[in-house]
1. What does the charge count around Asn248 come to, taking other residues whose C-beta lies under 15 Å from its C-beta (Lys +1, Arg +1, Asp -1, Glu -1)?
2. Hey, any idea what % of region 49-147's accessible area is carbon plus sulfur with a 1.4 Å probe?
3. Placing +1 at every Lys and Arg Cβ and -1 at every Asp and Glu Cβ, with all other atoms neutral, what dipole size does region 323-422 have around its Cα centre, in debye to the nearest 20?
4. Counting only other residues whose beta carbon sits under 14 Å from that of Asn279, what net charge do I get with K and R as +1, D and E as -1?
5. Along region 240-253, what does the Karplus equation 6.51 cos²θ - 1.76 cosθ + 1.60 (θ = phi - 60°) give for ³J(HN,Hα), rounded to whole Hz, x for Gly and Pro?
6. Using amide H atoms built in the peptide plane, which far-off residues or other-chain residues are under 5 Å from Thr271 H to H?
7. Round to a whole number: what % of the accessible area of region 193-322 belongs to carbon and sulfur, probe 1.4 Å?
8. Mind listing which chymotrypsin sites (Phe, Trp or Tyr not before Pro) in region 223-324 are in a DSSP loop and have 16 or fewer other Cβ atoms within 10 Å?
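The values are calculated or read from the model by the stated rules, or taken from the named source; none is laboratory data. From a predicted model like this one, the values you see are computed outputs, not experimental measurements. Virtual Cβ from ideal backbone geometry, glycine too; neighbours counted across all protein chains shown. Side chains included, ligands, DNA and RNA excluded: accessible areas come from the protein's heavy atoms. Shrake-Rupley method; radii C 1.70, N 1.55, O 1.52, S 1.80 Å.
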Amino acid sequence: MASVIGLESSGAHAADSKRPASQEVGEVGWYHERRPLVPVDEGFLFFGGAMSIRAFKIIESTLREGEQFAPAHFTPEQKIAIADLLDEFGVEYLELTSPCASPQSEADLRTIAALPLRAKVLTHVRCHLDDARIAAGTGADGIDVLFGTSSAMRTFSHGKSVDEIIETGTQVVNYIQAQGLEVRFSSEDSFRSEPRDLLRVYQAIDRLHPERVGLADTVGIATPNQVFELVSMVRKAVDCDIEFHAHNDTGCAIANAFAALEAGATHIDTTVLGIGERNGIVPLSGMIARLLSVRPDLVAKYRLEILPELDRMVAGMVGIEVPFNAALTSETAFHHKAGMHTNAVLRDPSSYEIFDPARFGRERTVMTGHRLTGRHAIAHRATALGLTLSDHDVRAITAEVKRRADAGPLSNDELDDLLRGSVPA
């Protein structure tokens, strides 16, 4: 691997930086120092009348949706560790697998529900009275129920008509409320459902005053514009909160979740690393990054420095690496390599960073011993080693590094030996 030179996370320590020497602990990245691309109160104009996001809560589903990830099999001890760290991070809700799934699933739900957590514990069951009865006795704070509303689900899954969905939904929601528990009613496969059918169901359930209704892009088919349109329609039709669940089959989960919030949704389902059925749902770190870049106030309540630990821990549990493109938490999230980039970053980190890595417990690094390197990166490394080189020397060494690195990147030791050898004894 090419030489990687660590840097201080504050731009105040970068070479030739013009930033103030101090930075308040509570500041988030560099974004707050620049004029927003769009005024906060106006929303995003490309959606044509988007709402300003005024509320946002995370329903963290690593212990439910995340269990559906192909390699996942969490032990009870692992589930406790995940719940504890997510609670420390500050999520408002933890959603766990249905207690009807297996005896251990029920036992794990009871265990997590009994922990001294700040987050509310939810479980996710079919919209069926028998399931609701079992879930109600586990100690969970709330129950999320779902019913497939698309023609595909109604034909091949449960065979119920819209009227039957409303009848059963009403019965189950009433039962859960009678137990003093929070309740969410969600349609499954919302974006392949007829809008008029969805509105009939949602309005009937909304009259029961549930905490939330949910929309689910179950197969990841929706575009951000479609999400915005449907959530906007539901927002006008119901008084309760709206939850959104986005699958990532087409790579749009984060964009779709953000569009849902812009349209008036109040709760977003996430998992650590986005793990879930098929290729997963909205990744927690990615959703945080999206909101942080435009509305830092919405995520100021979370302990963002815990995100890297969360991603590493869950990745280890399911036997994968943190993906190279994981927002904020990947190994390369704050690496800089190309000469033009490193020159600018050494002068002012915000030139190629929208966030200060220190906010997430990370450090910026400049990769130096490779053929794309530049003289400013070489000079910076020489200075870090306490070497004084002329501009001519720096240019000559840079050319030599590029020549050698055409055969493969130089290690840190190889680069440092080359630099030290250029200085007369």
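1. Computed value for this residue: -3.
2. Heavy-atom surface of region 49-147 belonging to carbon and sulfur, 1.4 Å probe: 53 percent.
3. The calculated dipole for region 323-422 is roughly 200 debye.
4. My count for the surroundings of Asn279 gives -3.
5. Per-residue couplings from phi come out as 6, 5, 10, 9, 10, 10, 10, 8, 10, 4, 10, x, 10, 4 Hz.
6. Here Ser61, Val282, Leu284 satisfy the definition.
7. 49 percent
8. Phe324
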